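For reference, the structure discussed in these notes is given below.
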Amino acid sequence: MLSGPSLIYEECMSLSEEQIYAKIRSIKRYMARIKSEIERCEDKSVVIDPSDSVILSVEREYLAAAKKALEDKGYEYKKTRKDIASEIFVANIPSIEKITFSLGGYFGGYDICSIIFDGDKVVLSKSHSYSPEEASNIQLEMTKDVFLSLLNDLHIEEWKKKYDDPFTCDGTQWKLSFLYSHGQPSVEFWGSNKYPYNFDNLTSLFKLKTSYCWFR
């Protein structure tokens, strides 16, 4: 019996190039809608089965199956600029040298976290903008490969570069930046009172308490 991705593949193998592209666009739009609904939802206590993360994971498999069918039929998948940027980000994950994540606001100051790799060790540095002299360094109980695997699972390559709510003043701002060891330009994501759909997973990875006034 064919599974979901296999069904998508078989369906696309019977379609024309134009129809497969329409299928790919449809999957991408659906994924974008799911993320947008999560980001707009104010009540995060509602339990959905299957979860949003499971739905998105399945849709990624559907997308990969549709692209494979397109190529197996002899057509070239024409990558968008977003596709290319996403591939570069994922390819550069093993070359990450330092990750810096700041979160806070004008009145309460900012928590500043940095991840630095010391060989296979993962060192988390934490400080606050109001008391930088009280910085602490913690070696996480995981290897570099495990940390990067967890980071990869966040699919940050699918994030927008900025999340901004122009109708909210002050509030909470955040920034996530990546520095690479092989000369690749640094990459930044940031937001002001608006956040990616899985932002809480990022704060958990950096061992931050979610005590700020965002939607979590």
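Throughout, read-outs are computed from the coordinates displayed, never taken from laboratory work. Everything quoted here is computed from the prediction, not taken from an experiment. As a convention, Cβ positions derive from the backbone with ideal geometry for all residues, glycine included, and neighbour counts pool all protein chains shown.
Before moving on, here are some points about what is shown:
- Angle in degrees between helix 81-91 and the longest Cα principal axis of the chain, rounded to the nearest 10: 60
- Among the listed pairs Lys98/Lys162; Lys73/Lys160; Lys126/Lys175; Lys23/Lys162, those with a Cα-Cα distance over 22 Å are Lys73/Lys160; Lys23/Lys162.
- Spatially proximal aspartates and glutamates relative to Lys78 (Cα-Cα < 19 Å; intrachain offsets below 8 disregarded): Glu17, Glu18, Glu61, Glu87, Glu157, Glu158
- Placing pseudo-labels 7 Å out from each Cα toward the beta carbon at Asp164 and Ala91 gives an inter-label distance of 3.0 nm.
- Only Cα sites of region 5-103 enter the Debye sum here, all with the same form factor; the resulting log10 I(q)/I(0) across q = 0.11, 0.19 1/Å is -0.46, -1.04, listed in q order.
- Euclidean distance between Cα centres, region 116-143 to region 4-21, Å: 47
- Cα Rg, Dmax (largest Cα-Cα span) when computed across the chain, Å: 19.7, 64
- Charge context of Lys161, other residues only, Cβ under 14 angstrom, K/R +1, D/E -1: +2
- Packing-based ranking of 150-157, 183-190 yields 150-157, 183-190, ordered from highest to lowest mean Cβ neighbour count within 10 Å.
- Mean projected area of the convex hull spanned by the Cα atoms of region 90-164, taken over all viewing directions: 6.1 nm².
- Taken over region 110-216, the ratio of Cα radius of gyration to 2.2 N^0.38 Å equals 1.12.
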